[in-house]
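**Student:** Before we start, here is the structure in question, set down as structure tokens.
Quick note: the coordinates plus some simple rules give every number you see, no bench work behind them. Fair warning: this is a prediction, and the values are worked out from it, not measured in the lab. Cβ: placed from backbone, ideal geometry, glycine included. Neighbour counts: every protein chain shown.
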Amino acid sequence: MEEQTKGTVTSLSSMFPVDEAQKAAKRVEDTVAEKQKELDDLKEFIADNTNLINLVSRLPDELHHDVMVPFGKAAFFPGRLVHTNEFMVLLGEGYYVERTAKQTVEILKRRGKVLDSQVESLKANIKDLRAEASFFDFTAYEAAEGLVEIREDYVEESSGKGKSKSGWMNLRKKNLRLKVIMRTM
């Protein structure tokens with residue numbers, strides 16, 4: 001006696017409406033754009049930090065430097081930098097400490113490493129978001145094409161020979177869910 005297999009046929013567009021999938025893809029792409037802006041800002045901070053490290057390293061080479069000092073928004077007057085090996089470094093929360101050029105460079109390098117790790121984290125986040133956006137785009141495309149999902153319960157028939165109570169046989173006897181996606185024409 002042969003059993004009839006029962007299953008379900010579900011249209012992909014009923015599970016994931018095309019317009020909803022497209023909206024989800026758009027939202028994820030907007031988030032990617034925001035994260036890309038954050039990444040660009042972080043890269044600017046890294047460039048500024050590198051320039052600052054170079055400047056702090058060069059300043060102690062001479063005893064004094066002649067500079068143009070800003071006075072107001074549009075005026076400058078000649079001045080001189082002295083004590084070029086002394087820097088006030090922000091530690092955080094409004095706390096400053098006086099450090100030498102060498103110590104300041106080390107602090108700036110540590111901050112640069114933190115910025116680099118933030119960049120790597122943001123790149124990984126952007127990569128994940130792009131994969132998510134492509135999933136939504138592909139789902140919208142498949143739903144628009146009229147794909148259907150067919151699900152059937154599959155029960156493996158066991159022969160009467162050598163029945164075993166092992167975990168392997170018990171696992172094989174369990175119902176397995178078989179998922180087949182077919183294109184409707």
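**Student:** Do any of Lys43/Lys123; Lys102/Lys123; Lys43/Lys113; Lys73/Lys109; Lys37/Lys123 go past 23 Å between their Cα atoms, and which? Let's see the in-between values first.
**Tutor:** On the way: Lys43/Lys123 12 Å; Lys102/Lys123 32 Å; Lys43/Lys113 12 Å; Lys73/Lys109 32 Å; Lys37/Lys123 11 Å.
Flagged as over cut-off: Lys102/Lys123; Lys73/Lys109.
**Student:** Once you charge only the Cβ atoms, +1 for Lys and Arg and -1 for Asp and Glu, what is the size of the charge dipole of region 1-155 about its Cα centre, to the nearest 20 debye?
**Tutor:** So the dipole magnitude of region 1-155 works out to roughly 1060 debye.
**Student:** Rank-order 83-96, 101-114 by packing density, defined as the average count of other C-beta atoms within 10 Å over each peptide's residues, highest first.
**Tutor:** Numbers: 83-96: 11.0, 101-114: 14.6.
Ranking the peptides 83-96, 101-114 by packing returns 101-114, 83-96.
**Student:** Let me ask another. Report ³J(HN,Hα) in whole Hz for each residue of region 45-57, in order, from the Karplus equation J = 6.51 cos²θ - 1.76 cosθ + 1.60 where θ = phi - 60°; Gly and Pro get x.
**Tutor:** 4, 5, 5, 4, 5, 5, 4, 5, 4, 4, 5, 5, 5
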